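The values are calculated or read from the model by the stated rules, or taken from the named source; none is laboratory data. The model shown is predicted, which means the values in this text are computed figures rather than measured ones. Cβ placement follows ideal geometry from the backbone for every residue including glycine, while neighbour counts extend to all protein chains displayed.
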Amino acid sequence: MSKTPSIIVPARLASTRFPQKLLHPVRGKPIVLWTAERIRAVAPEFPLYFAVDDEALERCLSEAGFNVVRTRPDHPSGTDRLAEANAAIGASAVINVQGDEPLVTGEQIRALAAGLSGEAAISTLAVPFERPQDFANPNQVKVVRDRSGYALYFSRSPIPFVRDAGGQVDAAWLAQNPCYRHLGLYAYKADFLRAFSGLEPGFLEQIEKLEQLRAMEHGYRIHVGMTDQATIGIDTPEDIGEFEARLPSV
């Protein structure tokens, strides 16, 4: 088993809010290739693979020179897909970047790897909220941590709930009282990945639709590192405009 963490990107075409988004062209290039080229440029020291369940994605990535592992189409989560892929790759740790995160940074990827140095089975990242509308947005997942940097809970609801303000906060309050947005970036120790698919889906996971809660419900610890570099996750067609605005002018 390789001692160097591998980056594995789980990629599938099914998407409720944005069907076939990974193949959606931005300036003539599919989103998944924007992500692939970004990872290769900012973190070349890590082996890079894509775990796909679709021939179109496999062809798109393979023809561009990226390593692809074909996985079953019926995995209930991206983490299950990673586990199948790593059974073939054999990395001691896996860094998971989402296929719809085309602005991931090398600093973030290296911070994820560093987060596995302690007792955590999983490492992830968070960034402070700045805008109250983002804090209220259920598509932007919130996380609260203990004093050692380990996750206490993840939710789509605004947490912590500010009782004295009736749950209504403004940008000034957020600047004085940091609340954290979870970034959809993870690293896993290989033994956790092997165990994950055998864990019974959690009650909280099924309600919130956040698979990291399955790990927490089964007693695994998640380290949450801080970053000031927010990524742009493309969840809906409306997010394309924000991504394009961050690209260099042509």
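Observations on the structure shown:
- For the stretch 39-151, the strands (runs of 3 or more DSSP E) that sit wholly inside it and include 1 or more residues that are more than 19 Å from the chain's Cα centre (by Cα) and either farther than 24 Å from Pro178 by Cα or in the same structural domain as Gly225 (by TED's automatic domain parsing) (or both) are 67-70.
- Matching entry among Phe161, Phe129, Phe135, Phe154 (being of a type outside the set (D, E, K, R), modelled with pLDDT of 95 or more and exposed (fewer than 13 other Cβ atoms within 10 Å of the Cβ)): Phe161
- Among the residues of the stretch 1-38, those identified as in a strand (DSSP E or B) and buried (at least 17 other Cβ atoms within 10 Å of the Cβ) are Ser6, Ile7, Ile8, Val9, Pro10, Ala11, Pro30.
- Single residue of Arg59, Arg70 found to be farther than 30 Å from Gly202 by Cα and either modelled with pLDDT of 95 or more or in contact with a helix residue (DSSP H, G or I) (Cβ under 8 Å, 6 or more places away or on another chain) (or both): Arg59
- Where a residue in the stretch 215-241 is touching a residue at least 24 places away in the same chain (Cβ under 8 Å) and its partner, wherever it lies, is acidic (Asp, Glu) and in a helix (DSSP H, G or I), with Cβ under 9 Å and at least six apart: Ala215/Glu205; Met216/Glu205; Thr227/Glu107; Gln229/Glu107; Ile232/Asp239; Ile232/Glu242; Gly233/Asp239; Ile234/Glu242
- Check on Pro201, surrounded by fewer than 20 Cβ atoms within 10 Å (Cβ to Cβ), outside any helix (DSSP H, G or I), outside the structural domain of Ser92 (by TED's automatic domain parsing) and in contact (Cβ under 8 Å) with a residue 12 or more places away in the chain: yes
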